[in-house]
1. So which residues in segment 34-67 are in contact with a helix residue (DSSP H, G or I) (Cβ under 8 Å, 6 or more places away or on another chain) and open to solvent by 50 Å² or more (accessible area, probe 1.4 Å)?
2. Can you tell me which residues in segment 202-235 are touching a residue at least 40 places away in the same chain (Cβ under 8 Å) and not in a helix (DSSP H, G or I)?
3. Identify the residue in segment 192-210 that is of a type in the set (Phe, Trp, Tyr) and modelled with pLDDT of 85 or more and, among all such residues, is nearest to the ligand (Cβ to nearest atom).
Amino acid sequence: MIRNLLLLFVVSAIAIACSTNAVTGRSQFKLLPEAELQQMAVTEYQSFLSSNKVVSTSNNRDAEMVNRVGQRIVGAVTNYYRQNNLASNLEGYQWETKLVQSDQANAWCMPGGKIVVYTGLLPISQNEAGLANVMGHEVSHALFGHTNERMSQTIAAQYGGSIVDAFMANKSSGTMRQLFGTAVGLGSQLGIMAFGRNQELEADRYGMIWSAMAGYNPQEAINLWQRMQAQSQGNNPPEFLSTHPGPERRIEQLQKHLPEAMKYYRPMGTSK
Ligand SMILES: [Zn+2]
């Protein structure tokens, strides 16, 4: 009887935690309150900035570019959410973009809109449109609650029924902070591969759409992955390419979604 009740509790907790994403239409398992995650993100973001070297935008073209691309992507996202009556989904977002000095080829966006690009990514993203596609990808992880999903899975497995309580009580504990860091992609060699397979493909697809809306050619996402693939065929393939989904699979999926993104593409400098 108690076991059945417990089972009922777990099942209903899971049912409550399942929601459909308004943009992607995908059903998601998310246990953590978004506002709490955003609060945690602000703390982690500040702590990250104070222990890393932020590149100033004054007289630095790369930092200016990162800033500009960030603003355009955020502008596109905001318009899209407004036009589709989804503006409430962006509640609590306080967007910010920084370029940080680091050899790592990484970038991430935390829940609530704190975006960081590492200087080590720029040789791979190569041009402004390439960067836009990566940043659009990272922003999608935040928008679609991928961090929440990843944390929820881990916390559910570890804490069972008292999941949210456990999170609230331990929010500033080392374990939770580490879990958050992993779920954001803070420590990964390449932020564009930090998440699960479906999440990565979803972020790739919408990364192209936001880029196109922001005036950047979505084809650059494919060019980027072709560069990665070329690297992976050398004698010394970067380790991050051994994780899923592989470049081939991503290119195939990006090609499939390119026509959709092209519908939104207005090259910069053209009207309408
Ligand atoms: Zn990713």
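The values are calculated or read from the model by the stated rules, or taken from the named source; none is laboratory data. Nothing here was measured: the structure is a model prediction, and the numbers come from that model. Neighbour counts run over all protein chains shown; Cβ positions are idealised from the backbone, glycine included. In case anyone asks, the SASA skips ligands and DNA or RNA and just uses the protein heavy atoms, side chains included. Shrake-Rupley method; radii C 1.70, N 1.55, O 1.52, S 1.80 Å.
1. Taking segment 34-67 as the starting set, the residues that turn out to be in contact with a helix residue (DSSP H, G or I) (Cβ under 8 Å, 6 or more places away or on another chain) are 34, 36-37, 40-41, 44, 55-57, 62, 65-66.
Once the filter is applied, which keeps residues that are in contact with a helix residue (DSSP H, G or I) (Cβ under 8 Å, 6 or more places away or on another chain) and open to solvent by 50 Å² or more (accessible area, probe 1.4 Å), segment 34-67 yields GLU34, SER56, THR57, ASP62.
2. Once the filter is applied, which keeps residues that are touching a residue at least 40 places away in the same chain (Cβ under 8 Å) and not in a helix (DSSP H, G or I), segment 202-235 yields ALA214, GLY215, TYR216, ASN217, PRO218.
3. Of all residues in segment 192-210, those of a type in the set (Phe, Trp, Tyr) come to 195, 206, 210.
Going one step further and asking which of them are modelled with pLDDT of 85 or more, we end up with 206, 210.
Numbers: TYR206: 11, TRP210: 14 Å.
The selected residue is TYR206.
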